[in-house]
């Protein structure tokens with residue numbers, strides 16, 4: 001047991017070292033790393049490598065999705081301090097290429113890709129007891145990183161191997177077609193490799209996670225029949241389903257319930273869970289932490305989801321926790337909560353299926369699925385008489401997704417995918433146009449590559 005503990009500790013140190021910065025967006029091993037000679041030999045080594053990929057997701061995905069949420073109507077930063085300028089600029093469509101959040105996202109998410117590539121490269125040619133599962137996990141996680149980068153920046157440099165900093169500078173931004181092909185190929189393979197059922201490690205992805213992410217990719221690229229097909233496969237998985245109420249999905253005593261497909265798992269004894277972001281130390285709830293009045297107007301009085309984002313509970317002398325992310329602070333670690341951050345859940349499968357049908361003109365079928373989450377929320381079912389055409393359906397879908405996935409990092413990307421973002425924010429007084437649908441490539445990366453035929457800036461920045 002002592003030797004096992006030592007090995008794990010050494011591995012943890014090693015894997016943490018991979019987060020070091022270089023002059024490239026594709027990380028590489030330090031030249032003297034023990035990894036090259038001594039690591040990635042056993043099944044357990046690869047398991048630790050996959051843990052490293054999950055850990056990067058846990059520490060660098062949820063946080064930045066919260067940062068990007070300022071782009072939506074969920075949160076609003078009314079005034080700016082020196083420490084919040086980058087958030088303020090994102091919120092007000094004023095960000096520039098030197099925005100610090102953009103730089104951090106680019107570096108962190110590419111490091112996640114590096115970790116996945118590193119596992120996959122070292123896996124080639126090895127016979128491992130759990131090799132299929134590890135490969136499926138690495139492909140899924142890499143796809144998540146690339147898809148996230150694509151939705152933020154558009155086409156980005158893509159590699160499926162570990163490259164040197166010099167070689168990284170020669171990899172040009174990919175086309176939309178290249179990104180689509182990469183994502184669909186990798187996720188299709190992941191579907192074939194991942195287990196159908198959860199193991200005791202409930203936070204690890206299964207087949208339905210890859211199906212759900214692939215469906216979101218298809219919808220983003222306008223491939224509605226393809227999305228419909230893969231979502232029908234996901235809907236057929238009886239291991240997952242809607243919880244009786246949305247509140248039960250987020251019940252801290254029922255983590256990783258049947259609605260959770262993929263979540264960032266937190267333990268309040270050593271983590272700051274997602275609820276930490278939406279906690280406040282004052283009874284005066286500012287828009288920075290509390291959803292805006294504008295966003296709250298999406299809800300009717302009958303919607304039982306409204307209480308989740310509109311009420312806070314006092315859990316200490318100076319702490320108020322939002323009901324949706326409610327957890328008491330640990331008695332020993334008084335600054336920590338253990339709320340998981342769901343990235344994919346079954347409600348998304350249901351509503352994406354409605355979207356796939358609606359985009360193909362099947363409004364009747366689409367409403368059947370849209371009404372599943374409405375009914376659960378205590379709302380009356382919508383009828384075809386109330387939703388006359390596809391345009392009306394898309395608006396209803398956007399509103400329902402806003403209510404269902406409030407503060408889950410989806411709102412901005414939903415509005416963009418449904419082609420509503422520009423008109424939506426123009427109507428709210430912002431000076432926006434199509435160039436605002438993407439964020440600027442970080443200026444430091446432009447300067448590192450120093451070749452606009454390889455890495456060029458997005459229009460308008």
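The values are calculated or read from the model by the stated rules, or taken from the named source; none is laboratory data. As the structure is a computational prediction, the values presented were derived from the model and not from experiment. Note: ideal-geometry Cβ built from the backbone for every residue, glycine included; neighbour counts use all protein chains shown.
Some notes on this structure:
- Qualifying residue in the stretch 443-452 (condition: under 22 Å from the mean Cα position of the chain (by Cα) and modelled with pLDDT of 95 or more): no
- Test: residue in the stretch 25-36 that is at pLDDT below 75, within 21 Å of residue 439 (Cβ to Cβ) and touching a helix residue (DSSP H, G or I) at 6+ places or on another chain (Cβ under 6 Å): yes
- Within this structure, residue 415 passes the test of being in contact with a helix residue (DSSP H, G or I) (Cβ under 9 Å, 6 or more places away or on another chain), assigned to a helix (DSSP H, G or I) and either at pLDDT 95 or above or not assigned by TED's automatic domain parsing to the domain that holds residue 73 (or both).
- Residues in the stretch 217-264 that are under 18 Å from the mean Cα position of the chain (by Cα) and closer than 18 Å to residue 375 by Cβ: 249, 259.
- Selection status of residue 455, in contact (Cβ under 8 Å) with a residue 24 or more places away in the chain and within 30 Å of residue 297 (Cα to Cα): no
- Filter pass, residue 224 being surrounded by fewer than 21 Cβ atoms within 10 Å (Cβ to Cβ) and in contact with a helix residue (DSSP H, G or I) (Cβ under 6 Å, 6 or more places away or on another chain): yes
- Elements of type helices (runs of 4 or more DSSP H) contained in the stretch 73-156, each with 2 or more residues being at pLDDT 95 or above and surrounded by 22 or more Cβ atoms within 10 Å (Cβ to Cβ): 100-123, 131-153
- Sole exception among (1) in contact (Cβ under 8 Å) with a residue 24 or more places away in the chain; (2) closer than 23 Å to residue 407 by Cα; (3) outside any strand (DSSP E or B) for residue 342, by number: (3)
- Annotation note: of 382, 308, the sole residue that is assigned to a helix (DSSP H, G or I) and on the phi < 0 side of the Ramachandran plot is 308.
- Here residue 407 clears all of (1) modelled with pLDDT under 95; (2) loosely packed, with under 15 Cβ neighbours inside 10 Å except the condition numbered (2).
- All positions within the stretch 322-336 that are more than 19 Å from the chain's Cα centre (by Cα) and either at pLDDT 95 or above or within 19 Å of residue 246 (Cβ to Cβ) (or both): 322, 323, 326, 327
- Among residues of the stretch 418-435, those that are more than 20 Å from the chain's Cα centre (by Cα) and outside any loop (DSSP other than H, G, I, E, B), counted: 7
- Taken as a whole, the structure leaves residue 405 outside the set of residues that are farther than 23 Å from residue 345 by Cα and touching a helix residue (DSSP H, G or I) at 6+ places or on another chain (Cβ under 9 Å).
- When residues of the stretch 258-294 are limited to those that are touching a strand residue (DSSP E or B) at 6+ places or on another chain (Cβ under 9 Å) and modelled with pLDDT of 95 or more, the one farthest from residue 63 (Cα to Cα): 259
- Residue match in the stretch 219-233 (condition: within 29 Å of residue 307 (Cβ to Cβ) and modelled with pLDDT of 95 or more): no
- Scanning the stretch 212-247 for residues that are farther than 30 Å from residue 178 by Cα and in contact (Cβ under 8 Å) with a residue 12 or more places away in the chain turns up 237, 239, 240, 241, 242, 243, 244, 245, 246, 247.
- Pick from the stretch 385-409, criterion within 18 Å of residue 304 (Cα to Cα) and assigned to a loop (DSSP other than H, G, I, E, B), ranking: nearest to the chain's Cα centre (by Cα): 408
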